[in-house]
Structures are given as C-alpha cells and as structure tokens.
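Quick notes on the structure that follows.
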There are 4 protein chains.
Amino acid sequence: MKKQIRCAVLGLGRLGYWHAENLATKIKGATLQCVADPFAGQAEKVARELDAKQWTRDPNEVFENSNIDAVIIATPTSTHADMIQKAAKNGKHIFVEKPLTNDVKEADEVIRIIQENQVLCQVGFMRRFDPAYVEAKRRVLAGDIGTPIYFKGVSRDPGSPPAEFIKNSGGIFFDMSIHDYDVARFLLGAEVTTVSAHGNVLVNSFMEEFHDVDQSLTYITFDSGAAADVEASRNAFYGYDIRGEIMGTEGTIVIGSLRYHDVQVLNKNGSTHDIVPAFPERFNNAYQLEMAHFIDCLRKNEAPAVTAIDGKIALEIAAAAKKSFETGQKVHLHSIGSMV
Amino acid sequence: MKKQIRCAVLGLGRLGYWHAENLATKIKGATLQCVADPFAGQAEKVARELDAKQWTRDPNEVFENSNIDAVIIATPTSTHADMIQKAAKNGKHIFVEKPLTNDVKEADEVIRIIQENQVLCQVGFMRRFDPAYVEAKRRVLAGDIGTPIYFKGVSRDPGSPPAEFIKNSGGIFFDMSIHDYDVARFLLGAEVTTVSAHGNVLVNSFMEEFHDVDQSLTYITFDSGAAADVEASRNAFYGYDIRGEIMGTEGTIVIGSLRYHDVQVLNKNGSTHDIVPAFPERFNNAYQLEMAHFIDCLRKNEAPAVTAIDGKIALEIAAAAKKSFETGQKVHLHSIGSMV
Amino acid sequence: MKKQIRCAVLGLGRLGYWHAENLATKIKGATLQCVADPFAGQAEKVARELDAKQWTRDPNEVFENSNIDAVIIATPTSTHADMIQKAAKNGKHIFVEKPLTNDVKEADEVIRIIQENQVLCQVGFMRRFDPAYVEAKRRVLAGDIGTPIYFKGVSRDPGSPPAEFIKNSGGIFFDMSIHDYDVARFLLGAEVTTVSAHGNVLVNSFMEEFHDVDQSLTYITFDSGAAADVEASRNAFYGYDIRGEIMGTEGTIVIGSLRYHDVQVLNKNGSTHDIVPAFPERFNNAYQLEMAHFIDCLRKNEAPAVTAIDGKIALEIAAAAKKSFETGQKVHLHSIGSMV
Amino acid sequence: MKKQIRCAVLGLGRLGYWHAENLATKIKGATLQCVADPFAGQAEKVARELDAKQWTRDPNEVFENSNIDAVIIATPTSTHADMIQKAAKNGKHIFVEKPLTNDVKEADEVIRIIQENQVLCQVGFMRRFDPAYVEAKRRVLAGDIGTPIYFKGVSRDPGSPPAEFIKNSGGIFFDMSIHDYDVARFLLGAEVTTVSAHGNVLVNSFMEEFHDVDQSLTYITFDSGAAADVEASRNAFYGYDIRGEIMGTEGTIVIGSLRYHDVQVLNKNGSTHDIVPAFPERFNNAYQLEMAHFIDCLRKNEAPAVTAIDGKIALEIAAAAKKSFETGQKVHLHSIGSMV
C-alpha cells in the first residue's frame, strides 16, 4: 500500500474547501499537496490555513505537477469534462463532484478517456456513505424487508438559491433529484427503464424565466419490476429535509431524521426539537467518509464504490426526467444517449 | 332540536355493522330503529345484539317506514345510486359510504334528486373527522404554516384484498386514493385542475387481469397554484400506513403516526413499537365522530361538513386519475363530466 | 348473566360526573339509575342531562333503594369508609375512587365488612386499564424482557391544585404516587418490603404550611428482589406527564407518550407536537374501560381485577412513604398496620 | 498562540488509545509526541500506528522530557494523584480521566500542587462536551425553561464489567453516577447540600462480595433550592442508555436519544430502530471535543471549562452517596472533607 496519496483540490468554493479541509486534517493516508482556485488570494489563503504545500490559480499547473497523485474537482459543472480529461491524460486519479457533466454524450467521452488512461474515478454521491443509507443497504442485503419493490425519496432545500445559481444549475432534476436517482439504483439494486416527471413553480416565480420549477415529482420504473417516486423541493422553509424509504415484500425501511440536536424542549408551546438546518449539518460525516473511501481505494488500487459510470447513469435519468417534464410523456431510458 | 333521530342501517357488512353499533351504543341523539341485510339471519342477529327495534331483508321496507328519519347506506357501491334515490324520494336523510357512486354522471343525477327532495346527505369520508386531520386543518387555518402549497399523501393497506374484491372495487384510484383526493381538497382549500397518474403491479400479479395495480402515484395541480402527490399501495406487509403532510410557505404539518400501543420494548433486537394493524384501529374514533356529526346535523337541520357534492368531486378526480393512468396523458378535470 | 346493572353515582364532581356519563352512554350492561350530590341542583341537573331515572341529595336514599345494584363512590376520601360500609351492609356492589381511605386501620375494617357482606368492590386505579399499561403487562407476561427487576415511574401534574385541595389531599404520596405504587406491584408482580421517600418544595411555598411537598421521590424494594423509583411532581408546567418503565433481565419496556394530537408542525421554530394537557385527555379510555370491567364483573359475579385489598396495600405503601419522608429513615412495610 | 502543543499519553488502555488517536489525527494544534504504557510492546505498537515521535514504558521519562508540554493521564485511578503531582512539579499541563482520585483528601492535596505549579488541569467529564448536553445548557441559559428546579439522570451500562473491574472501580457511585453528579451541577448551576443514596444487587450477585450494587438511586438537594435524582444501572441488556432531563419553572428539557442509526425497519414485528450499543458510540464526538477544548485552552493559556476542582466536588458527592448508602442516613455535603 502506498504510504500517502498526494492530493490537489481544484475549486475552493464551499465544497472544495471542505474536501481540502478533510484531506488536510481528517483523512489518514492523504496529503493536501496543492490547492487551486482562479480567484486572487483564495488559493494562497486556503493553502496557508490548511498547510498545503503548494497553491496556484492555474489548474494546468496541477495536471503537470509530478508530485500530485490525485485531483479533487470541485469547479463549476461546465468545466468538469475538460478537467477530467486533462487529469486522466496526465495519469491523475479523479474525485469529481456531482453531476459528472451536464451532457450524456460528453459523459460517454469522459468515461472513454478515464478507461483509456487507467485512472480511478469517483463521483461525489456522498449519500452512499451516509451511515443511515449504508445501514439501510446493509439491511436490504440482509433480507430484512424481503425483495425491494419501491423507493420513495424526498429532498427539500430550506429555500431557493439565488437566480444566478438556478440559471446555471441545470434545473431541479439535474441539481437536486440526481442524488435520489443514484440512491434509488443503489438501494433497489436495479436499473431504470422509464421516467415520468412533473413539477410546478409553487413559490419562486423568478424560476419561470429559466424554465425551472421549485417543486418536482419523478415516477420511475426499474428493470427488476420495482418502481420509485422522488420529490424535490426548494420550499422547505423549516429546514433541510432529506427522507428516504425502501419498501420490500416483507417490510419497509425509513431512512433519516430531521432532528438536529438530541434535545427536546417541552414548554407551554408543546414539545419541540430543532431541525437540521442545511446539508453540511446533515451530511457532515458522509463528506468525510466518501473522501476516506476515495483515498483508501487509491492506496489499494481498487475501483471506488461510485464510479463515473454511476455518474453517467444518474445523468441519463435526470435527462429523461427533464424531457418527460417538458413533453408530458413517459420517457424510456434507452432513448437517452447510449447506456453503458 | 329533535330529540332522537331514528336510523336504519342498510347493509350489515363490517362497516355497516360498526355504524349500527356506534348508533346503538355511542351516539347521543340517535336510535337504531332498524337494520337491513339481504343475507338470511344477519339482520335478525344484529338487531338482537344491538337492540334495534326492527329488522328486515328488504331495503324497501326501510324506505316506506314512517318511523325512520335517516338511512345509513353501507351496501355495495353499485347499489348506492338506487338506494339514495329511493331514500331521498321518501324524505329520508342519507349517510352514504364512499364512493358516492362509481360513475360521475350517476353522481350528478343523485345530487339532483337529493336537492329536489331537500334531504341532507353526508358521504363517509371519515378522515375529515380523524383528530389528527382536524388538528392539521385547524393549524392551517391558524396560519401556522403560511399559505398551503403542497399536499403529500400515502395510503397503504397491509396486503391486497382477494381477487373477488379487487374485481368490483373500481380500481385503486376509486377504492383507495379517493380518501386522499378528498383530504387534499380539504387541507389545501382548493379545487383540482389537472391529474396525472402512474402505477404498476409490484407484487399481486392477479391484478393484471382486472387492469388494476397494487401501487400507484397521482400528481395533482390545484386552482390555487398548489400541487399534490398521492401514493396508494396494497403492499405494506408491516401494517396499515396512512401518512399525510401539508406544506406551506412557512412550514409543514406532518399528520399521523403508525404507532399502535404507546409502548416501546427495548431489547437486544433494538427499540420496537407495534404498528397500527388495519383501518379499524386507525380510524376507530373517526367513524364514531363522523356519525355523531351526521346525527348532530340532522338534529339541527344543518348541512353536514362532507356532502354528496364532495363525494362527486372526489369521484371526478378518481376518474381523471384512472383515465390518465390508461392513456399516459395529463387529464384536465373539466373534461370529466360536469363540475358542480 | 344479569341483563342490566342498575347503578347509582355518589358525588358529582368532575370524576363522579364522568363515571355517570360513561355509565349512561358508553357502558353496555349498565343503567344509570340514580345520581346523588349534596349541592342543591347538581344531582337534578345531571339526572336530566344523562337521563338518570332518579336523583337525590341524600346518599342514604341510595343505600336503601332496592332498585340499585351497585354504587360508584366519588365523594371526598374522608367519607369513603362510611359510604362503603353502608353500601356493603345494604348488599350494594361498590366501585370506589382511590384512595380507598386515608387510614390503614380503617381500610382493614372496610375490607372486613365487604367480605362479610359478600359484595364485590373495585378501586379506581384506572391505569391498570390504560391500553399502554395493559400492553406492557402482556409483554412482561410474554417474557419479552425476561424477569422484571426495576420499575421507574414519573407522574407530573401541570401545576399545583389550590391550597384548599392540597390541605385535604393527604399529601403527594397519598394523592399522586399511590397510582405508581399500585402500577409497580401490578407490573413487577411482587409485594413491597421497604420504602424510602424524599421530597422538597421546589416552587409552591404555600405547601410548607401543610407539611406537603411539590416534588417527591420514593425508592422501594420488593420481596422478589426487584426495586423501583417513583417521582411525583406538581411542577410540569408544560403538560400532564405520566411515564412508566419496567426493566427486566433481557430488556425494558417504556410506557406512554406525551404526544396529544398525532400532528407535528415543522417551521422556523423546529418540529413541535402538542403535549397531553391533563389527566382526562391521558386516561379518557382508561376511565371508560375500568367501568366496563366493573359492570362486566358484576354481571358475571366475578371478582374485579383491582380490589379493596389492592387499595389497602397501595395505602400502606403511601403511609410508609410519608413516614419515611418525615423521619428520614427507611420504613419496613410490615411495620405499617396489618398486611392482608 | 503557541503553534503546537506536544502531548504525551500515559496509559494505553481503551480510553488512553482513543485520546492518543484523537491527538494524532483529529485535533488541530496538537502533536502526539510520546505514548507510555507499562506493558511490553503496547507503547511501541501504538507509537508506530499513530506516528508518535517517542514511546516509553516508564512514565518518569515523560515527566522529565522537556519536549513535552502536556500529559494525558489515562492510567488506573489509584495512580492519578502520583502522576498529577509529578506532572505538575515538572510544569506539564494535565488532562486526567475521571475520577480525579478515589479520595477527597488526596484530591485537596492534588489541587494544591496544581495551583502551586501554575499548570492547567482538565478532568475528563466528557458529557459537558456532548452536543446534546451543550445545547441543553445553552437553552437553560437562554431562559427557555425558566429557573432550573430539578435534574433527572439515568446512566445504564449494557451489562456489568467483570468482577476484577468492579473490585477496583470504587463502586457504582464513583464509577458511574459521578458523571451525572457533575452534569447536575453543570445544568442546575448550583452546588450540592445533601445526598441520600439507595441501591441493590438486582442481577449480579457477585457484587455483594465487594459491597457494591448493580442498580442505585441518589437523591440530591442543592443550595439553589433545586433537587435531583440519579439512577445508575449495570443491567441495561438492551444497550447503553444515557438520559438526562432538566426541569425548570416553565418547562423541561429532555436530553439524548438511544437511537443509533437513523434508520427504522418496519416489518411484521413492528417498527424497530437499533440502540446505541456502548459509550464509544454515544460519546464519540464528546471525547474528541473535550480534547480539542483542552488543547485550545493550552494554546490560549486559559483555564479549561472542567477543572480539578470540578473533579474534586464530584468526588465529594460520590463519597457522600457511598456514605449515605452504607449508613441509611442523609449526608450533608460539608461533612465530607473540605469544600473548595
């Protein structure tokens, strides 16, 4: 086993910073070698704070740096394909934030280059590392609910991001529901056959300009005979609300809890506990665990549990949902680009 | 106020028996005057057990009986329209189990006759009287969640009824989801504009013969701008699972609990509570409260909170869901018969 | 089986009224024959409202009335012994509110007379009929937690009654903890050997005048080797809080829930459900079920599940608790009057 | 602020190892300089695994080592006083596991030497750093429940440690309840005046030999007028069960949850979630947070939130509980050694 994996983080927004921090302080076997960000000062500041050995404003310096084993790509989605290709061609292993890209054909090309260059690639579907989802999967495999027949997912944000973000987000199916599409495949152990999607603007009228909605529902069928529904919402003004459920022929598993602190206050207003405010609090462990898994795979030279192919399939489902939403028709998945 | 409302119960299956028992033992202001059932012995047996003054195998004897003020119709749905018309023409007030009828046009005719004969009619949507739904509605009206924007309903039976029942049930949208359609209108305070429905046979392959499914999902939009999704399932092998949620612009209300006894057993298997096994345990109070409301309305000569018109509108939504399911198209509600 | 048990309710305060109402409207096999209360107008008013056949201000009229089979004694505790003796000597069966009396010797005499006159007597420990406690007992007997070793009880009132009530209440051990003493015996299936009690005035300083406290703790040992602790409080300003737990060698059973409506409101303040406000809401079913049991026993001429002897033993435990609280010493139960 | 605190861990049993691991991998600002353990091989093995710069079998080497700023004492309690004194005299700052010592007089001497040598000392009451207890304290200070009047604590181990451990543990009051004694002071913001304690062997008869019990109850009064009860048990065969509650004049705060994974399995056996198995799972975060606090205090040269004086006061309460248990009398705290 390699002693230390020397990592570079590309893009130091909120997620990129966390990945860098986790690598610097919490992930055994990893060294934060370099951080890169185009904004003046950001890379230097983060490098100093996290004791990174190098920093740069130019990602190309990272790809050409022979002291770097792996890159963490947390740049805007539109740059992912380019970043991945350069990394792969330079023999760097890759951790890339979801979604893999915004385009199914591009994803095919990206996967081809990854395979050609024999680098490892993990996509940032962190829910697969959340202890609750992991335990649910373990119980499904243990047969606790018989054969899985239905997945029910709810993902609600505590309000909408600003118009600027929505404009470039790819829409609610690509930006939010893609997590549940991946989890549904993971928990049902099956592949999608058809997708039907609905949605409406319930609160944020500015979204109409971008042909996006703030609340959507996707109905999905699988090749195993199972089905699923996935709700996404930008309107959970009470907190960050992630629910999952996997029904089987002998029972059901309900995943998650909105409770933040394990404290209940009982007074004249009733019994109250606080609610998880946002995704960092909900998936704090999962971000750390996914990165530990990535580093562990690199040290053992094993394929990660969530690959670029998983990234591409989730993308196909989101593309099908978007098409169904736009046309009002059920979409068969084989009609969306090529299946892997 | 009239001292006692003399009631007759038509149809002494499980639900009819409960209504008779509630009238005989728990509803102040009501007298169980007569019970009627075509099966030899059933009416006589129930009359003896519940101290009903009269019994008969022929419903016509009930309609012609001048000692009867109100009839409770718990006979098969296919007979509802005939029963209601005869009752109305004889000046009897009417409590009729859901669904009002199986046909929207028939429902229009039934409503016309009820209005012509100036009798009161209540439809058996008992969830409107369940303390949890009532409290949810109270909180919505109190403004606790701002403006309602989304309803989410789940209704799951702990297994499928036998083929014989499914064959005559009208299908999952008419038999199960109709309760959630009514509750969605009640909690959102709005009327349906469009319906899209999906469904599959996940477990009970015998249903294919009847063009029915054992798990369905309906997506609904409302004239207020709100939306809803409604899941129905025959596959909850763990118990009877009724969930409701009403989202608003400032919060959400989650309705119901699967817990049966208020007891938790903690042992080496974990912490376990038992689950509501079936609808009598879940809606025991609601059945009693809806009947108390009906009797109270008759004594005060006031219109009940859930009328034949509510029964007809729920029927229209179910018909739209069935049509959407069959055609794969979104159905606009005005295309389903005449709106009231 | 006797067709109808003709009952008289003595004392029409809050509890007496409920018993009368339950008998009049909800208990099959019972007739509310008579209601009695010394306050002018109260008996007449209740008789009219509940269709009781007779009313009186003089309890002696009840004892001498040959049309009465059973009396429900809901008068002040200080009158219980006298009422029970007169009832027993006149051959009336007896339901008496807890505590049986305020004095252990008096209790012995009362039991002697009940036995001499061969009437049945039930004491109003309604928790034994609460579905949660019943289910807990069923699970204990089913061996779900192995051998019972510890009982933990909490009973909290949502504030103190007025000084006038506290003055005549017998103190917190007789008035509140007596329920938990009875439940501990019921769930552990064992008899008390020693009692140690503590308590303080935490909020209501007026209690000092009456040598009473508003929060107490009793530690109890049993002849089976089990132990228990019982907290009582007048200071639960958030609601009515009744908790029970029975630990065994293989697990534990937690009894009860503070949740009132099955509704949760999630908003910017967190997730809130309302709390049971007071004992009528918590034990509504239990009051009805204990009375149904009493009537059922009378019709079958069987001994009730909670007899005067249970009433006396609970009294002995309360007396021991009071003595321990006053002396600061552990009290052995055999030192309190005679054991049955 | 000092850049890095160079730490040595003394005693590499389970707790010592965790502290070493946390220092090596998770605590910013700390360096794991040295590990020490008398067992051949243990120190060397841990040093290699955690990249400690030095290891030794002799603690004196640590005290004399000028490259060490702070020691973490996780050796048997009987050695604490000696270790603390040597550390203090050599100018090392001290983190010491609870209990501070087993003897109140010894504790006084220890505190004197700490103060004389002006080193900082933190005692390992990790519950004060558990997010739930911290949030409870925050809400108490925010006035959410009015004035605190009662603390209720339950600490249950999932079975008894072996006889060898019990023999040297100091007994249930010193080994288990001491955590709740400290938390009661923390949450009530008050000091103990009197202690009464009870206990019995309910399951583990071998404890009788050591005059210890496997289930105890302590009743405590405070100088603020508040009171508390604290249960400790070795008999929670279902899991590790830590409960806390702080009642106030306007409400109550319930602390903690037995739920381990945020997953519920619903099947024919009911709805089940798993239970926290043992203290590492329950207080994982708290161990890390207390160490981060200690390092942070050293870097800022500030007194820690939980000092040797807190350690001594908890010891006095435990000593009073033991004396009360042995004598059957309420013990006034000023009678136990000298108060600080």
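How large is the dipole of chain C about the Cα centre if only Lys and Arg carry +1 and Asp and Glu carry -1, each at its Cβ, rounded to the nearest 20 debye?
820 debye
Could you please put D:K152, D:K53 in sequence from largest to smallest accessible area, using a 1.4 Å probe?
Result of the area sort, largest leading: D:K53, D:K152.
Segment D:1-104: which GluC sites (Glu not before Pro) are DSSP loop and have at most 13 other beta-carbon atoms within 10 angstrom?
D:E64
Relative contact order (percent) for segment A:1-125, with alpha-carbon contacts under 8 angstrom and 6 or more residues of separation?
Taking the mean separation of contacting Cα pairs over the length of segment A:1-125, I get 22 percent.
Could you identify which residue out of C:D69, C:D108, C:D51 has the top mean-square fluctuation in a GNM of chain C using Cα springs shorter than 10 Å?
For chain C, modelled as a Gaussian network with Cα springs under 10 Å, the answer is C:D51.
With respect to the cross-link table entries A:K28/A:K105; A:K152/D:K137; A:K3/D:K45; B:K28/C:K300; D:K89/D:K323, which display a Cα-Cα separation exceeding 26 Å?
A:K28/A:K105; A:K152/D:K137; B:K28/C:K300; D:K89/D:K323
How large is the accessible surface of A:V134 in square angstrom, using a 1.4 angstrom probe and rounding to the nearest 10?
70 Å²
For chain B, go through all pairs of different Cα atoms, get the mean of 1/r, take its inverse, and jot down that Kirkwood value in Å.
Final number for the Kirkwood radius of chain B is 20.8 Å.
Could you give the size of the charge dipole of the protein assembly as shown about its Cα centre, using +1 on the Cβ of each K and R and -1 on the Cβ of each D and E, expressed in debye and rounded to the nearest 20?
Dipole of the protein assembly as shown, to the nearest 20 debye: 0 debye.
Sticking with the crude label model, points 7 Å out along Cα→Cβ, report the distance from A:K105 to A:E208 in nm, one decimal please.
3.3 nm
Let me spell out the model: positive unit charges on the Cβ of Lys and Arg, negative unit charges on the Cβ of Asp and Glu, origin at the Cα centre of segment D:5-119. What dipole size does that give, in debye rounded to 20?
340 debye
Segment D:144-161: which residues show an accessible-area loss of 40 Å² or more, assembly versus chain alone, 1.4 Å probe?
The answer is D:I149, D:Y150, D:K152, D:R156 - residues whose exposure falls by at least 40 Å² when every protein chain is included.
Grab the eigenvalues of the alpha-carbon gyration tensor for segment D:194-246, scale each by 5, take roots, and send me the semi-axes largest first in whole angstrom.
So the equivalent ellipsoid measures 25, 16, 5 Å along its semi-axes.
Once you list every other residue whose beta carbon is under 12 Å from the beta carbon of C:M126, what net charge do they have if Lys and Arg are +1 and Asp and Glu are -1?
So the surrounding residues net to 0.
What are the radius of gyration and Dmax of segment D:234-320, computed over its Cα atoms and given in Å?
18.2, 58
Leaving out ligands, DNA and RNA but keeping every protein chain, what accessible area does C:C297 have, in Å² rounded to the nearest 10, with a 1.4 Å probe?
C:C297 exposes around 10 Å² with every protein chain in place.
Using only the alpha carbons of segment B:5-119, determine the length spanned along each of the three principal axes and report them from longest to shortest in whole angstroms.
Rounded to whole Å, the extents work out to 39, 24, 24 Å.
Let me test this: with uniform point scatterers at the alpha carbons of the protein assembly as shown, what is the Debye-based log₁₀ I(q)/I(0) at q = 0.04, 0.06 1/Å?
So the normalised log intensities work out to -0.29, -0.65.
With a 1.4 Å probe and all protein chains left in place, how much of the accessible area of segment A:186-340 comes from carbon and sulfur atoms, in whole percent?
Heavy-atom surface of segment A:186-340 belonging to carbon and sulfur, 1.4 Å probe: 48 percent.
For segment D:170-228, which GluC sites (Glu not before Pro) pass both filters: DSSP loop (anything but H, G, I, E, B) and at most 10 other C-beta atoms within 10 Å?
Qualifying residues, ordered by number: none.
P(r) for segment A:123-254, please, calculated from all Cα pair distances in 10 Å bins and given in %.
Result returned by the calculation: 13, 41, 31, 13, 2.
Once the other residues with Cβ under 13 Å from the Cβ of A:A43 are scored (Lys, Arg +1; Asp, Glu -1), what is the net sum?
Counting the neighbours of A:A43, the net charge comes to -1.
On average, how much accessible surface per residue is there in the protein assembly as shown, in Å², for a 1.4 Å probe, leaving out ligands, DNA and RNA?
37 Å²
Obtain the nm distance between the two label points defined at B:A40 and D:K323 by a simple spin-label model: each point lies 7 Å from its Cα along the Cα-to-C-beta direction.
8.9 nm
Heavy atoms only, probe 1.4 angstrom, no DNA, RNA or ligands counted: give me C:Y219, A:Y17 ranked by accessible area, highest first.
Output order, biggest surface exposure first: A:Y17, C:Y219.
Enumerate by residue number the GluC sites (Glu not before Pro) in segment C:285-316 meeting two conditions: DSSP loop (anything except H, G, I, E, B), and at most 15 other Cβ atoms within 10 Å of the site's Cβ.
C:E302
Mean-square fluctuation check for chain C, GNM, Cα pairs under 10 Å: which of C:F210, C:F95, C:F283 is largest?
Of C:F210, C:F95, C:F283, the Gaussian network model singles out C:F210 as fluctuating most.
Using a 1.4 Å probe on protein heavy atoms only, how many Å² of accessible area do B and C hide from each other, summed over both chains and rounded to 100?
2300 Å²
Would you please give the FRET efficiency between D:K3 and C:D51, computed as 1/(1 + (r/R0)^6) with r the Cβ-Cβ distance and R0 = 60 Å, to the nearest 0.05?
0.10
Less than 9 Å Cβ to Cβ from C:V104, Lys/Arg counted +1 and Asp/Glu -1: what total charge do the surrounding residues give?
-2
Please tell me the relative contact order of chain C in percent, rounded to the nearest whole number, where contacts are Cα pairs under 8 Å and at least six residues apart.
20 percent
If I build a Gaussian network model for chain C, linking alpha-carbon pairs within less than 10 angstrom, which residue out of C:G124, C:G251, C:G171 has the largest mean-square fluctuation?
Greatest mean-square fluctuation among the candidates belongs to C:G251.
Based solely on its DSSP helices, what 222 nm [θ] is calculated for the protein assembly as shown when runs of n ≥ 4 H residues each add -39,500 (n - 2.57) and the sum is averaged over all residues, nearest 500 deg cm²/dmol?
One gets -11000 deg cm²/dmol as the mean residue ellipticity at 222 nm.
Rank A:Q85, A:N22, A:Q118 by how far each Cα sits towards the positive end of the charge dipole of segment A:5-119 (+1 on Lys, Arg Cβ; -1 on Asp, Glu Cβ) and give me just the farthest.
Towards the positive end, the residue furthest out is A:N22.
Take every residue in peptide B:242-253, count the Cβ atoms of other chains within 10 Å of its Cβ, and give the average of those counts.
5
The values are calculated or read from the model by the stated rules, or taken from the named source; none is laboratory data. All figures in this text were calculated on a predicted structure; none of them were measured in a lab. Using ideal geometry, Cβ is built from the backbone for each residue, glycine included, and neighbour counts are taken over all protein chains shown. All accessible areas refer to the heavy atoms of the entire protein, side chains included, with ligands and DNA or RNA removed. Shrake-Rupley method; radii C 1.70, N 1.55, O 1.52, S 1.80 Å.
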